[in-house]
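Peer 1: One structure follows; several queries about it will come next.
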Amino acid sequence: MTSARKILVTSALPYANGSLHLGHLLETIQTDIWVRFQKAREQHCIYVCADDTHGTAIMLKAEQLGVTPEQLIADVRREHEQDFQGFLIGFDQYYSTHSEENRHYSELIYQRVHDLSLIKTRAITQAFDPEKNLFLADRYIKGSCPKCKAEDQYGDNCEACGATYAPMDMINPVSVISGATPIAKESEHYFFDLPACADFLKQWTRAGHLQEEVANKMAEWLDAGLQPWDISRDAPYFGFEIPNAPGKFFYVWLDAPIGYMASFQHFCDKNNIDFQEYWKQDSSTELYHFIGKDIINFHALFWPALLHNSGFRTPTQIFAHGFLTVDGKKMSKSRGTFIRAQSYLKHLQPEYLRYYFAAKLGDGVDDIDLNLSDFVQRVNADLVGKLVNIASRCAGFITKAGGTLSSHLDAPELWQRTVDSSARIAALYEKRQFGHAMREIMALADEANQYINDKAPWVLAKEGHLFAALDVCSMGLNLFRVLMIYLQPVLPATAQKAAAFLHDDLTWSDNIQPLLNHSISAFEPMMQRVDSKQIDAMLAEETPAVAIPTKQEKPSKKNTAIANDDSIAPTIEFNDFAKIDLRVAKIIDAQHVEGADKLLQLTLDIGNEQRNVFAGIKSAYQPEQLVGRLTVMIANLAPRKMKFGMSEGMVIAAGPGGQDIFLLTPDSGAQVGMRIK
C-alpha cells in the first residue's frame, strides 16, 4: 500500500463583523466534503481556517456596539464556530488572524520581501474625515454622481449611470461615519512591488495551480500590466503595526491569507507537527485553498508572489467556486433571499443542505443556485425516498428473523457492480466533481431499490418463504452499507447512525467486503422528509414582514382559472403534482373589479389566515351570490402582481365555462382550511 499523502487544506476566512450566511456555507461544505473524502481514504489531511479580524470595519463596528474590537471578534468567533459545528464542518483548527502567530509571520514575510527591495513607498491623496480624524475608504463616502447627478451614491461608482470616479469628484460628498464633509489629505503608503513579480506569475499561473478559466483571467490581468499592491493603512486602524513605521498598519489583505499559516502553526504547536515540512519552499506536501471567485486576484497573484519571495512554498492548487444564488436571485435581505446559517439550522437539518450543494457542485467556477422547491423535492426523493428507504424497508425482516444477516449474497453480480463503482466515485470526489458523484451514487440506489421491488420480500414472507425474504433484505442492507460508505463525506451524521445500526465502521477500502452472518441493531429512523412549511418558517424569520414568493414560471394565457381548450395539457410527474397545496376556502367577501370584464376580487378564509384572490368567474356569479360559499384554492401558489392588485393564490372551479362554473356549497361537508390530498 502506498504511503498516505500529507495534505493541508484551507477555506477563505469569514470576516468577523457579522453572521455567517449560506454563501459562506457553500464554500466550507465544499471544502469539508473534500477533506472528509481524503480522510475516509486514509490520507493525512489537515483542515484549518480562522476568522478574518482586522480592518477599519471591525474598528467602527466595535465602536458602534460600545465594545472593544477584541471583544467583538471574540463574540463573533464563538458564533461562527457554533454555526460551522451546526453544519458538521470538521475543522482540525479554527483560529483568529488576531494572534501572535499571525503577527510573527506577517512581520517575518514583510521583512523578507523588504530585504529584497520589494517594498516601495509613495505619497497618495485620499478623502479624510476631519471630525473622525480618519482616512475614508470609498464605501464610507456618499454624495451625488458628478456625471448624472444621482443622489445617495457611494464614493467609487454610480449605481444609476454606471460611472466611476474619485470620491472627491462627487457633488456634496459626505462621510457616512460622522456626516462631515471629507477633505483631500496626503499620506505615505507602503506598496508591495507586484510588477517586479510578473515573470514569476506568468509561469506560475500557467503551471496547473489554477482552474483553466481562472488562469485565463489572470493572463488578461498580467498582459494588461500589474500595479503595485497597497499593503498599508494609517492609524487609527485595528490590526498589526508595520515594523519601524509608527502609525502605519498592515492592510487586512496582507495578514488575512497569512492567517492560514498562523492557524496551522497553532495546530502544529498543539500536535507536535513540523510546520516547516508543510511550508518550506521545496515541500513535498500538498497545499490547497478553496475560495470564492471574487477573491481570486488576491490568492492567484499577490499571495503566491508574497510566498515565493519570502522563502515559503506556494499552493499546490487553488480551487475557486462561483457565487450562491437563491431561487435564481442574488442573496438579498429585501428580496427575502438572504439566509443566515442560524436561521437555516433552526428549521432544517444540515445534511439536507450538504447533500443539495454536493449535488450541484462541480470543479468549475459556475454560480450555484439554491432553488428552494427543487431543494425540497431532491432531498425527499434522493435521501429519504431512495437512500434511507433501502434500510427502512429491509431492516424489519432481519430483526424479526433474529437480527443477523444471511451468510451469502443473494445477488452477487449486483453487489460486484456496486463495489466496482468505488474507484470511479473516488476519482470524482478527488476532482471535486461532487454533482457527478452524487448522480452515480443515486443510480446505484435506484438499482438497489429496483432489486428489492423485483424480489418483493414482503410477498415472500407472506407466502412463507422466510429464508428467501431474509436473503433479499440482507442483500439490500449490504447495498445500503456501500452507499453510505460512498456518501459519508457528504452525510457524516447519517453515516454515524448507519454505522451504529450496522455494527460496522464503514471503512472505504479498495476492496469492500460484504457483511455476512453479521448481527445488526434494530432500525431507527435516520432522516425525516422536508416539509415546505419548514422553508416558509426559515424565510419568515429572515424577512418577517415580507411575503416571499417562490420562483415560478410565468403562466401562459391558457393557464388560467378557466380554459376553454379541451386538449390535454402536457403530462407532469407525480412529484410535481404533490407540490400543490389544495385547501378548502370560504368566500367571506366578493367584489367587482373595476375595469375587468372577467374577474371578481375574493377574500378567502382558509382557516388560519385570509387571502386576496382574483378569479375569472364573473360570467357565472354575482358577488353577492358567492359570500358564504366554499371553494378550493391552490394555497401555495406564489403571489402574483396583477394590474388590479396582488393575487395570493388561485381558485379551482369545474365546468365548461360561461355560466356553468361550479363551486362547493356550504353544506358539502368540507371544512374550511382542510387540505385536499
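Peer 1: Looking for something under 25 Å from HIS436 (Cα atoms), open to solvent by 10 Å² or more (accessible area, probe 1.4 Å) and in contact with a Ser or Thr (Cβ under 6 Å, 6 or more places away or on another chain) - is there at least one such residue anywhere in region 335-349?
Peer 2: Among the residues of region 335-349, not one is under 25 Å from HIS436 (Cα atoms), open to solvent by 10 Å² or more (accessible area, probe 1.4 Å) and in contact with a Ser or Thr (Cβ under 6 Å, 6 or more places away or on another chain), which makes the answer no.
Peer 1: From the list ALA196, ALA184, which one is at pLDDT 95 or above and not β-branched (Val, Ile, Thr)? Don't jump to the end; show me each part of the working.
Peer 2: On the way: ALA184 fails: at pLDDT 95 or above.
Answer to the selection: ALA196.
Peer 1: Kindly establish whether ALA596 is among the aliphatic types (A, V, I, L, M), at pLDDT below 80, open to solvent by less than 20 Å² (accessible area, probe 1.4 Å) and in a loop (DSSP other than H, G, I, E, B). Steps first, answer last, please.
Peer 2: Values: among the aliphatic types (A, V, I, L, M): yes; at pLDDT below 80: yes; open to solvent by less than 20 Å² (accessible area, probe 1.4 Å): yes; in a loop (DSSP other than H, G, I, E, B): yes.
Criteria met by ALA596.
Peer 1: Another question, then. Of all the residues that make up region 85-125, how many are under 18 Å from PRO182 (Cβ atoms) and surrounded by 19 or more Cβ atoms within 10 Å (Cβ to Cβ)?
Peer 2: Selection size over region 85-125: 0.
Peer 1: Can you name the residue in region 509-546 that is outside any loop (DSSP other than H, G, I, E, B) and touching a strand residue (DSSP E or B) at 6+ places or on another chain (Cβ under 8 Å) and, of all such residues, is surrounded by the fewest Cβ atoms within 10 Å (Cβ to Cβ)? Let's see the steps before the verdict.
Peer 2: Going through region 509-546, the residues outside any loop (DSSP other than H, G, I, E, B) turn out to be 519, 532-542.
Now drop any that are not touching a strand residue (DSSP E or B) at 6+ places or on another chain (Cβ under 8 Å), which leaves 519, 542.
Values: SER519: 12, GLU542: 17.
Here the answer is SER519.
Peer 1: Residues in region 498-508: is at least one open to solvent by 10 Å² or more (accessible area, probe 1.4 Å) and among the polar types (S, T, N, Q)?
Peer 2: Yes, region 498-508 has at least one match.
This table checks each residue for (1) in contact with a strand residue (DSSP E or B) (Cβ under 8 Å, 6 or more places away or on another chain); (2) among the aromatic types (Phe, Trp, Tyr).
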| site | (1), (2) |
| --- | --- |
| LEU8 | yes, no |
| HIS24 | no, no |
| GLU27 | yes, no |
| GLN30 | yes, no |
| ASP51 | yes, no |
| HIS80 | yes, no |
| SER106 | yes, no |
| TYR110 | yes, yes |
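Peer 1: Look through region 326-342, keep the residues that are touching a helix residue (DSSP H, G or I) at 6+ places or on another chain (Cβ under 9 Å) and over 16 Å from SER532 (Cβ atoms), and return whichever of them is modelled with the lowest pLDDT.
Peer 2: That would be LYS333.
Peer 1: Please verify whether CYS145 is open to solvent by less than 40 Å² (accessible area, probe 1.4 Å) and more than 30 Å from GLY247 (Cα to Cα), treating the condition exactly as stated. Steps first, answer last, please.
Peer 2: Details: open to solvent by less than 40 Å² (accessible area, probe 1.4 Å): yes; more than 30 Å from GLY247 (Cα to Cα): yes.
Criteria met by CYS145.
Peer 1: Another one. Among (1) over 36 Å from the mean Cα position of the chain (by Cα); (2) in a strand (DSSP E or B); (3) more than 22 Å from ILE231 (Cα to Cα), there is one condition GLY143 misses while meeting the rest; what is its number?
Peer 2: (1)
Peer 1: Would a scan of region 155-163 turn up a residue that is open to solvent by less than 20 Å² (accessible area, probe 1.4 Å) and closer than 15 Å to PRO304 by Cβ? If you could, list the steps in order and put the result at the bottom.
Peer 2: Within region 155-163, the first condition is being open to solvent by less than 20 Å² (accessible area, probe 1.4 Å), and the residues that meet it are 155, 158, 163.
From the residues that got through so far, the ones that are closer than 15 Å to PRO304 by Cβ too are none.
No: region 155-163 contains no residue that is open to solvent by less than 20 Å² (accessible area, probe 1.4 Å) and closer than 15 Å to PRO304 by Cβ.
Peer 1: Follow-up. On the basis of being more than 30 Å from the chain's Cα centre (by Cα) and either surrounded by fewer than 17 Cβ atoms within 10 Å (Cβ to Cβ) or within 27 Å of ASN271 (Cβ to Cβ) (or both), does ILE73 make the cut?
Peer 2: Values: more than 30 Å from the chain's Cα centre (by Cα): no; either surrounded by fewer than 17 Cβ atoms within 10 Å (Cβ to Cβ) or within 27 Å of ASN271 (Cβ to Cβ) (or both): yes.
For ILE73, the condition - more than 30 Å from the chain's Cα centre (by Cα) and either surrounded by fewer than 17 Cβ atoms within 10 Å (Cβ to Cβ) or within 27 Å of ASN271 (Cβ to Cβ) (or both) - is not met.
Peer 1: Sticking with this structure for a sec: Do any residues in region 631-645 that are open to solvent by less than 70 Å² (accessible area, probe 1.4 Å) and part of a loop (DSSP other than H, G, I, E, B) have Cβ atoms under 6 Å from those of residues that are among the aliphatic types (A, V, I, L, M) and at pLDDT below 80, where the two are at least six apart or on different chains, and which pairs are they?
Peer 2: PRO639/ALA547; PRO639/MET646
Peer 1: While we're here: Of all residues being part of a loop (DSSP other than H, G, I, E, B) and in contact with a strand residue (DSSP E or B) (Cβ under 6 Å, 6 or more places away or on another chain) in region 242-264, which is least open to solvent (accessible area, probe 1.4 Å)? Just the residue, please. Before the answer, list the steps.
Peer 2: The initial filter retains those residues of region 242-264 that are part of a loop (DSSP other than H, G, I, E, B), namely 242-247, 251.
Subset that is in contact with a strand residue (DSSP E or B) (Cβ under 6 Å, 6 or more places away or on another chain): 242, 251.
Details: ILE242: 4, TYR251: 53 Å².
It comes out as ILE242.
Peer 1: Can you tell me how many residues within region 1-45 are outside any loop (DSSP other than H, G, I, E, B) and either open to solvent by less than 10 Å² (accessible area, probe 1.4 Å) or of a type outside the set (Ser, Thr, Tyr) (or both)? Spell out the reasoning first.
Peer 2: We begin by selecting, within region 1-45, every residue outside any loop (DSSP other than H, G, I, E, B); these are 6-11, 15, 21-40, 44-45.
Add one more test, that the residue is either open to solvent by less than 10 Å² (accessible area, probe 1.4 Å) or of a type outside the set (Ser, Thr, Tyr) (or both), and what stays is 6-11, 21-40, 44-45.
Residues flagged as outside any loop (DSSP other than H, G, I, E, B) and either open to solvent by less than 10 Å² (accessible area, probe 1.4 Å) or of a type outside the set (Ser, Thr, Tyr) (or both) within region 1-45 amount to 28.
Peer 1: Moving on to the next point. When you scan region 463-486, do you find a residue that is exposed (fewer than 14 other Cβ atoms within 10 Å of the Cβ), assigned to a loop (DSSP other than H, G, I, E, B) and over 29 Å from the mean Cα position of the chain (by Cα), even just one? Full working, then the answer.
Peer 2: Keep residues of region 463-486 that are exposed (fewer than 14 other Cβ atoms within 10 Å of the Cβ), which gives 463-464, 467.
Checking the rest, the ones that are also assigned to a loop (DSSP other than H, G, I, E, B) come to 463-464.
Subsequent filtering for residues that are over 29 Å from the mean Cα position of the chain (by Cα) retains 463-464.
For region 463-486, residues exposed (fewer than 14 other Cβ atoms within 10 Å of the Cβ), assigned to a loop (DSSP other than H, G, I, E, B) and over 29 Å from the mean Cα position of the chain (by Cα): present.
Peer 1: Enumerate the pairs (first residue in region 253-271 and β-branched (Val, Ile, Thr); second residue anywhere and modelled with pLDDT of 95 or more) with beta-carbon separation below 8 Å, excluding pairs fewer than 6 apart on the same chain, so at least 6 apart or on different chains.
Peer 2: ILE258/THR97; ILE258/ASN102; ILE258/TYR105; ILE258/SER106; ILE258/ILE109
Peer 1: Also: Could you please tell me which pairs satisfy a Cβ distance under 7 Å, a separation of 6+ or placement on different chains, a first residue in region 231-243 that is without any contact (Cβ under 8 Å) to a residue 40 or more places away in the chain and of a type in the set (Gly, Ala, Ser), and a second residue that is part of a strand (DSSP E or B) and buried (at least 22 other Cβ atoms within 10 Å of the Cβ)?
Peer 2: Note: pairs meeting the criteria are ALA235/PHE249.
Peer 1: Quickly run through region 619-629 and pick out the residues that are within 14 Å of ILE661 (Cβ to Cβ) and in contact (Cβ under 8 Å) with a residue 40 or more places away in the chain.
Peer 2: Result: SER619, ALA620, TYR621, ARG629.
Peer 1: Got a number for residues in region 191-241 being open to solvent by 70 Å² or more (accessible area, probe 1.4 Å) and within 14 Å of ALA305 (Cβ to Cβ)?
Peer 2: Total meeting the criteria: 5.
Peer 1: Within region 405-422, work out how many residues are free of Cβ contacts under 8 Å to residues at least 12 places away in the same chain and touching an Asp or Glu at 6+ places or on another chain (Cβ under 9 Å). Even if it seems obvious, please write down each step before you answer.
Peer 2: The first filter runs over region 405-422 and keeps only residues free of Cβ contacts under 8 Å to residues at least 12 places away in the same chain, leaving 412-413, 416, 420.
Narrowing the set further to residues that are touching an Asp or Glu at 6+ places or on another chain (Cβ under 9 Å) leaves none.
Total satisfying the criteria: 0.
Yes/no per residue for (1) touching a Phe, Trp or Tyr at 6+ places or on another chain (Cβ under 6 Å); (2) at positive phi; (3) small (Gly, Ala, Ser):
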position	(1), (2), (3)
GLY23	no, no, yes
THR31	yes, no, no
TRP34	no, no, no
GLN38	no, no, no
ILE58	yes, no, no
LYS61	no, no, no
LEU72	no, no, no
VAL76	no, no, no
TYR95	no, no, no
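Peer 1: Right, here's the next one. If you go through region 295-334 one residue at a time, how many are open to solvent by 40 Å² or more (accessible area, probe 1.4 Å) and within 30 Å of ALA638 (Cβ to Cβ)?
Peer 2: Looking only at that region, the number is 7.
Peer 1: Tell me the residue from LEU663, LEU626 that is at pLDDT 75 or above and not hydroxyl-bearing (Ser, Thr, Tyr), please.
Peer 2: On the way: LEU663 fails: at pLDDT 75 or above.
Being at pLDDT 75 or above and not hydroxyl-bearing (Ser, Thr, Tyr) holds for just one of LEU663, LEU626, which is LEU626.
Peer 1: Which pairs turn up if I take residues in region 427-456 that are farther than 18 Å from ALA391 by Cβ and look for partners that are open to solvent by 20 Å² or more (accessible area, probe 1.4 Å) and not in a helix (DSSP H, G or I) with beta carbon separation below 8 Å, at least 6 apart in sequence or on another chain?
Peer 2: Close Cβ pairs (under 8 Å, with a partner that is open to solvent by 20 Å² or more (accessible area, probe 1.4 Å) and not in a helix (DSSP H, G or I)) amount to LYS431/ASP363; ARG432/GLY362; ARG432/ASP363; GLN433/GLY362; GLN433/ASP363; PHE434/GLY362; GLY435/GLY362; HIS436/GLY362.
Peer 1: Further question on the same structure: Can you tell me how many residues in region 46-67 are open to solvent by 10 Å² or more (accessible area, probe 1.4 Å) and in a strand (DSSP E or B)? Walk me through it before giving the result.
Peer 2: Of the residues in region 46-67, the ones open to solvent by 10 Å² or more (accessible area, probe 1.4 Å) are 52, 56-57, 59-61, 63-67.
Remaining after also requiring in a strand (DSSP E or B): 52.
Of the residues in that region, 1 qualify.
The values are calculated or read from the model by the stated rules, or taken from the named source; none is laboratory data. Keep in mind that what you see is a predicted model, and the values were worked out from it rather than measured. Please note: Cβ atoms are built from the backbone with ideal geometry, for glycine as well, and neighbour counts cover all protein chains shown. Ligands, DNA and RNA are excluded from the accessible area calculation, which covers all protein heavy atoms including side chains. Shrake-Rupley method; radii C 1.70, N 1.55, O 1.52, S 1.80 Å.
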